[in-house]
Every structure is written in C-alpha cells, then in structure tokens.
1. Relative contact order (percent) for the range 567-669, with alpha-carbon contacts under 8 angstrom and 6 or more residues of separation?
2. I'm a student and want to see the number: the projected area of the Cα convex hull of the range 469-519, averaged over all directions, in nm².
3. Hey, can you rank 615-625, 353-363 by average C-beta count inside 10 Å, highest first?
4. Wrap a convex hull around the Cα atoms of the range 341-499, take a quarter of its surface area, and give that in square nanometres.
5. In the structure displayed, which of LYS301/LYS631; LYS4/LYS81; LYS514/LYS622; LYS164/LYS222 lie more than 24 Å apart, Cα to Cα?
6. Order these peptides, 181-191, 630-640, by their mean beta-carbon neighbour count within 10 angstrom, highest first.
7. Report, largest value first, the span of the C-alpha coordinates of the range 192-235 along each principal axis, in whole Å.
8. Can you compute the radius of gyration and Dmax for the range 567-669, using only the Cα atoms, both in Å?
Amino acid sequence: MGEKGKYYITTAIAYTSGTPHIGNTYEIVLADAIARYRRFEGYDVYFQTGTDEHGQKIQEKAEKTGVTPKEYVDRVAGEVKRIWDRMNTSYDNFVRTTDADHERQVAKIFRKLYDKGDIYKGAYEGLYCTPCESFWTESQLADGRCPDCGGVVQPAKEEAYFFKMSNYADRLIEHINTHPEFIQPVSRKNEMMNNFLLPGLQDLCVSRTSFSWGIQVDFDPKHVIYVWLDALSNYITRIGYDADGASSEQFQKYWPAELHLIGKDIIRFHTIYWPIFLMALDLPLPKQIFGHPWLLQGGDKMSKSKGNVIYADDMADIFGVDATRYFVLHEMPFDNDGIITWELVIERFNSDLANVLGNLVNRTISMSNKYFGGIVTRTGITEEVDADLKAVVTGARDRVTEKMEQNRVADAISEVFAVFRRCNKYIDETAPWVLAKNEADSGRLSEVLYNLVESVATGASLLYSFLPETAEKIAAQLNTRLRTYEETAQFGLYTDGGRVTDRPQILFARLDPKEVLPKTEAVREAQQKAFEAEQQAAGAAPEEAAAAAGPENHTVIDIEPKEEITYDDFMKMQFQVGEVIACEAVPKSKKLLCSQVKIGSSVKQIVSGIRKYYTPEEMVGKKVMVLVNLKPAKLAGVLSEGMLLCAEDAEGALALLAPEKPMPAGAEIC
C-alpha cells in the first residue's frame, strides 16, 4: 500500500453504442490526471475504466449492421480502449460488462437481492426510452418526450422485476445530509435531493423480457437484468466482490472507492440507484461521486446529426496528444459546461503551450548553451527578485494539491502554468542578454540561469500528471529526472555544474490558423459523408439522411423589425450573467420551468417557457444571460423575477443564450 494509503478511482464505463467523441474522452483524461497526481502524492492508486455492453439499444444497433451483439460490442470496446490508450491514460483495469466473471457476479447479486426481499416480481406498463434504457410515467415526460434526453418514448407493457427503492430512500437522504462531500459539485446534490429523493422514489424496474442481449436472471431465464444494475456493479465485481461472501483481498483493500467520476447526465443513477443497491448489499458507499460538466462544441451538444462532433483522434493528429489533454483539462470549468471550437484550441495552443511553456524551455536551454556551453552553475550572487521566484516555485505544489483535493483540475493546471509565467517574467526582470554584455556580471548571469533551470525542472514535475509526455521531454532536455512530491517544495536540487542538452527541441511550434483550419474543415466534411453513408446503410433515404443532419450552417431567418429604440431606452435594461443553481418543472404547466438563478450575491426565481427544450437536470449548473430588472410577474401561479434570454429558430425551437467563455455569475452584459 502507498505511503498515504489506497485510492480507488473509477470513470463511468463507456456505452458501446458508438465511438466516443472528445466530450466523452474528457472524462478518462480527467480521471487520469487525478490518478497520476494521487500516485505522485504517494497513494496506492487503483484506476478502473471500461465499457458498458448490454441493453436493447446495443441489440438493435447490431441487428441493423448485420452482426451479433457480441461482435458489435467487441469492435466498439476495442475502439474505446484504443482511444483511451492513445490519450496516454494510466488505468489499471479495463472492465467489460460482457466479461464472464462480471456477468456471473451480477446474476448472483440479483439473486441475493431477490432472496433478501428487495426485488419482487410484477408487471410494468408505461413509456420506455431506448437510448436512456429508462421507463417513465406520463407525468414524468417533458412535452411527451424523455425528460433526460428529449427522445421519443414508446409504450411498453411487460412482466418485470422491481427493486423496492423506498426501503432505503430515507437512509440515503440521511447519508447525503451528513456527508456533504458525497455528491459534488453541490448543484448536483441539490438537483438529486429536490427533484428525486424528497418528492419520493418509485420502485425501479430491474429486468426486461422484450429483448435478450443482457445477463439472464438465473432463476427466471426469460428475464435479462436491467442495464443499470448490471453496469453499476462493475465498480465492485472487477475488484473481486463476491455476492456469496468470498470477496477477494483486492476488494477488501480497495472498496469503498474514493471517487466515482461521471458525467452530469448520469448523476441520478450513481447517486440514487447505486448507493441504494450498495445499502441493500450491506456494503459501504463510495466516498465521493463527482458529476463533471459537458464539453460543448461552440455551445452545442456534440451530435453526428449536427455535424459538429470532434474526436480525440482528429485533435491528436493535428495538435498532438498532450495538447489535446491540455485543452480538455484546462478549458473545463468545475461545474459549468466548457466550450470547444477548433479556433479556440488553436488559440490556447499558441498562447499557452507555444508561448508560455515551449518558448520558456527553449529560451532557458538556448541561453545556457550560448553563455556557458550548457553548464549550469550556482554562484550565490542573488538579488531580491530571486526570492519571489523561489517563493512562487516552492509554493506551487501546495497550491496545486489544494485544487486537486477539490477536483478543480482546471485550476490546478493553471497553478502549474503560473510557475512558467513567473519564470518568463523573471527573464524580463533579470534581462540575461544585458548581463551577458559585461564580464563582471557573469556570476550573476550564471545564477539567473541556474534559477531558471531549477524552476523549469520543478514546473515540469508538477506538470507530469496533466501532460506526462511533455514533462518527460522537458526533464530529458534539462538532463535531469522528474522530482518527487516532496522535492517539488524544495529549491536548489538541480546538480551544480550539470549540463543541459546542446540540442533543444521545440516542444510546441506555433500554429498558423490559415494552415490548420482547412484541415479541420476537411475532417468535418469527411465526418458528414460518413454520417450520410451510415444513415443510408441503415435504410434511410438520402433526403431522410439530409433531414437527420439538420439545417445547413448557412440557414438564416428574417423577422419583422420592431420600432427603433434610443440608446437611453437600451440603457434602462440590466443584463447580467446568471448561474442556475436549482430548477424544477412548474406543476400547473407543461411548458414552464422554474429556475433559481444566482446573480452576484443574490438569487432570483425565474420562470421560463423552455420545458420542451430543457429538462430541470440539464438546467442546473448552466450559465445563462438574464434580463434582471424586468418587473416581477406570476406565471401559472409562480412568481418570476426576470427573464432568461433565448434564441428561436423558424420552427419555434428555443436555445438559451450563454457567454462564449466562462464568466462569473453577476458579470454585466453590455
């Protein structure tokens, strides 16, 4: 066991319905950064990921492509694993829910819960969403559609087994209330409590008979086990849990997990269903479940039909693996959706990786070679500016650790880059090229370059968890090793008289958008053709495929102009950025959502007619644009204290307006 004890971290297992895009890939990179940093601190880390391979959706996709479900998931799981490996992720175990040991234990878990009386046999008649593998009642739908994904639901009636969720609901509520760290960020906890737990849980359907691709109920083989009971159990089955009581030493060592890292869209399954299953099995709950936000393409969810999907492979081909890792780690806020565009990736590559980091390393090594033949020597000739540099460098470790303890990975990587930025400032302050002109300043120049080499070495060591290949390249060019966790809080470890490489390599060469953007457009066009071919192969006519792809990018809408206003009229309106911290459907309306919107230090209640386009779960955590000083009014009996700004297309579909870049709640829109 590591010096600091064990640390078990998992990602959600990827659903094998298709190739994961960069938004899906973000999760494994995020988990890898956390796992690497915990190892760096001295923990005994066990990092698990994998694929979720059962369910009706998989069976239907396999049938459409003319292969067996197993052949279909073998191909997709292989692709997922390849992408995870290409992203240089250091997982310890890649679980597949078609693995024989997992399937055997899930069947045993089901039987144990049935024998205990938590699962009973009944019949279900309701509405079913195939993509979400979820049943819904009429009252739970959002304008007749699935409240989770907005998809079409179909009537379903079949014999099924059910789990008595109410047996454990009060116990779960108490656990959440007494363990504030259990669900993070807090907005996700509020969403689960207010929208699901406090109103009361319905019993959960945990088996199906209308399809066969799943794990059979061993005592009733016409039933297959509900995909969520199957998938969630991977966190314990693959580390050696045995429902008959013969669990492995590995299970005894690593369970409970320190962190389940998941997307916010599956937070309900992990914070309600999974803890209740564990309670029923008399197992301790994971210590924390973190529902990370989404990575949106230009503010939109990625979709093949929209032609806006970005894949990790394409990013890595154009920018490199570490640049891809840097972007997704640095650009994702803690609890709000992040934005990705090709243009933004280029900007970050040039400004942060090429300018701040790459240029610093190259200048430091080049000056060491130019002025001292690559020899790095301490002379003890210091000035006041050195102390500030050393304070920033030696204090960085604790600042990074503080952020990582809170899973604020974007902030942590910013703290690492603060070291590199301080080094660049130090070069400007000390002006080595000026010192080199006077022989009397040679000793001072040598000390300056030593300080730079030492600082870069520490920065590279802190960078390793996030950009491992880049960190190793920097250390190699400095002819040193990466520092340990303890050593990064010290200054002066670089060998006095050591030699840097005499052939510095450019880590990140600046990119010309005029050269890169045509490549990204070619990628988009290739994806569009592949999507249309996929649609036609599945039986869709060309015009249907075109319709599925949505409107062309150049579509415009003309609306009737309103009367001109003066600048003074406009200045009467107060627009600010708000953050939705809670949201629920208005009971007396099928169209309205009631949102609690944080604006600066105050919270306003705003009612909006957007229920057809957004679920309450989707709203929580969003940054929105708000007309703040609209006179309060009651809508369907509920007070509304402002207005959320939306765009509307020709068909009347609405989309919330949000700031292009992360902005704090309360920021003025002008």
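1. It comes to 33 percent, rounded to a whole number.
2. 5.6 nm²
3. 615-625, 353-363
4. Computed as one quarter of the Cα hull surface, the answer is 9.4 nm².
5. LYS301/LYS631; LYS4/LYS81; LYS514/LYS622
6. Output ranking for 181-191, 630-640: 181-191, 630-640.
7. The principal-axis extents, from largest down, are 37, 23, 17 Å.
8. Looking at the range 567-669, its Cα Rg and Dmax stand at 13.2, 40 Å.
A short reminder: the numbers here are calculations on the coordinates, not readings from a lab. Computed from a prediction, not measured in an experiment: that's the story for all the values here. Every residue, glycine as well, gets a Cβ built from its backbone with ideal geometry; the counts of neighbours run over all protein chains shown.
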